[in-house]
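One structure is given here, and the rest of the page talks about it.
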Amino acid sequence: MAEHSVVFSFFLIFSGAAILASIALYTRQPLLVAYVVLGAALGPWGIGAVSDTNLLADIAHVGIIFLLFLLGLDMQPAHLLHMLRKATLVAIASSVAFMGIGYGAGIVFGFSQIESLVMGAALMFSSTIIGIKLLPTTVLHHRHTGELVVGLLLLQDVVAILVLLLLNSGGESSSTDISAGMNFARSMLALPLLALFAWGFVRWVLLPLLQRFDRFHEYIFLAAIGWCLGLAEGAVYVGLSAEMGAFIAGVALATSPISQYIATSLKPLRDFFLILFFFSVGASFNLTLIDDILLPALALTAAVLALKPVIFRYLLQGISESADTGWEIGFRLGQISEFSLLIAYLAFASGLIGTEASHVIQATAILSFLLSTYVVIFRYPSPIAVSDKLRRD
């Protein structure tokens, strides 16, 4: 019966996702919004067709692990250093500004200081998925604007990793400030040791094996998955998060010639689990709380849409970028991130925030994904632009 339940749930999720994804593409919407909406409709707070969301959430967590692994594979150290010199000040200053906006809004709407801090953290990041998907390939590879967008997203991803590390060290076991500080210090000590182990293992064990058996594509696929999940479990064992371990595993492989082949091979697997993750986010969304969270969610969404472009525009002008470039980058990054959903998920699971705060972050993410996409496709070149003049692959 349990097996039938899982198979039937998968049927509903992926068949429903295919239908809603078709509608989303026709209406120029990001696909992950369709997955979240489907989860809300089919989950316990919707029609209840899929009830075992805990099992799905556990399975979907693998998608986040693969997402961080692939992010690490794409993070070439040389490219990252180049972007660090150019955009570090903008990334840090904007993160501080958005943190302050989210924290202030949380306090105004009566949330606790910890909940307000988590809201501020959720506002710091822009969506890598939407930012990249709405950027034409020609812009991405040949134009300065595309390089800055990608550079800022990479820097935000690094900050997001640190936030996830902090959340992981401040969970339920941290009943006092002292124990929380000790857990964070232990995690920070474990981090370089794990990175050093990953570098050595890749150099002297994994790469020689991959080079010896590179004709067997199935072996490369299995070795990459085993390395990713193995270091994820190793990270959990030493007090870090599985996501952090997967990210380190990816970075350790990033400079190898085979990294892009691994990234391409694992993307379909990542997408499979990410569909389940975003579905589980929607399925856990308590629709009965809409009356309580609607006002703060709308206020945060309005703040994100209005202030992110302005802040990015003036910060980029400070590093000698033109006003037009600043506005375009600001609008392209004018939403919060899929990392914001993960932050809400982890903070709620560890008891740092309550149900209402978690749902405010989730609702803000969904609304900002939706509305910022419309802004970009009506104003700037993108693969799904409404006008023929702006549509560029």
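Within the listed set M99, M244, M188, the residue fluctuating most in the Gaussian network model of the chain (springs between alpha-carbon atoms under 10 angstrom) is M188. Listed from fewest to most Cβ neighbours within 10 Å, the set Y314, Y237 follows the order Y237, Y314. When the Gaussian network model of the chain links Cα atoms closer than 10 Å, the mean-square fluctuations of D74, D291, D52 top out at D291.
Of all the options R203, R28, R215, the one that moves most in a Gaussian network model of the chain with Cα springs shorter than 10 angstrom is R215. The share of C-alpha pairs in the range 3-78 whose separation exceeds 18 Å stands at 51 percent. Subtracting the Cα-Cα distance of L287 and I132 from their residue separation scaled by 0.36 nm leaves 52.8 nm.
FRET efficiency for the pair V310 and R28, taken as 1/(1 + (r/R0)^6) with r the Cβ-Cβ distance and R0 = 25 Å, rounds to 0.55. Applying 0.36 nm per residue to the separation of L209 and Q113 and subtracting their alpha-carbon distance, the gain on full extension is 29.6 nm. Normalising the average separation of contacting C-alpha pairs (under 8 angstrom, six or more residues apart) by the number of residues puts the relative contact order of the range 206-314 at 16 percent. FRET efficiency for the pair Y219 and I19, taken as 1/(1 + (r/R0)^6) with r the Cβ-Cβ distance and R0 = 41 Å, rounds to 0.65. Simple point charges give the picture: +1 on the Cβ of Lys and Arg, -1 on the Cβ of Asp and Glu, and for the chain a dipole about the Cα centre of about 1140 debye. Placing unit charges on each Cβ (+1 for Lys and Arg, -1 for Asp and Glu) gives the chain a dipole about its Cα centre, and among L89, Y345, L70 the Cα reaching farthest toward its positive end belongs to L89.
Inter-label distance, T264 to A349: 3.2 nm, where each label sits 7 Å from its Cα along the C-beta direction.
Over the residues of the chain, the helix contribution to mean residue ellipticity at 222 nm works out to -26000 deg cm²/dmol, using -39500 (n - 2.57) for each DSSP H run of at least 4. Our summary gives the chain a relative contact order of 29 percent, counting only alpha carbon pairs under 8 angstrom and 6 or more residues apart. Overall dimensions of the chain, expressed as equivalent-ellipsoid semi-axes from the Cα gyration tensor (√(5λ), whole Å, largest first), are 29, 27, 24. Placing dummy labels 7 Å off each Cα toward the beta-carbon, the span from L189 to F10 is 4.4 nm.
Pairs of Lys residues in the chain are counted when their Cα atoms are under 28 angstrom apart and they lie 8 or more places apart or on different chains; the count is 6.
Placing unit charges on each Cβ (+1 for Lys and Arg, -1 for Asp and Glu) gives the chain a dipole about its Cα centre, and among F109, G354, A246 the Cα reaching farthest toward its positive end belongs to A246.
Read the figures in this text as sums done on the coordinates, not as results from a lab. Predicted model, so just to flag it, every value in this text is computed and none were measured. Backbone-built Cβ (ideal geometry, glycine too); neighbour counts: all protein chains shown.
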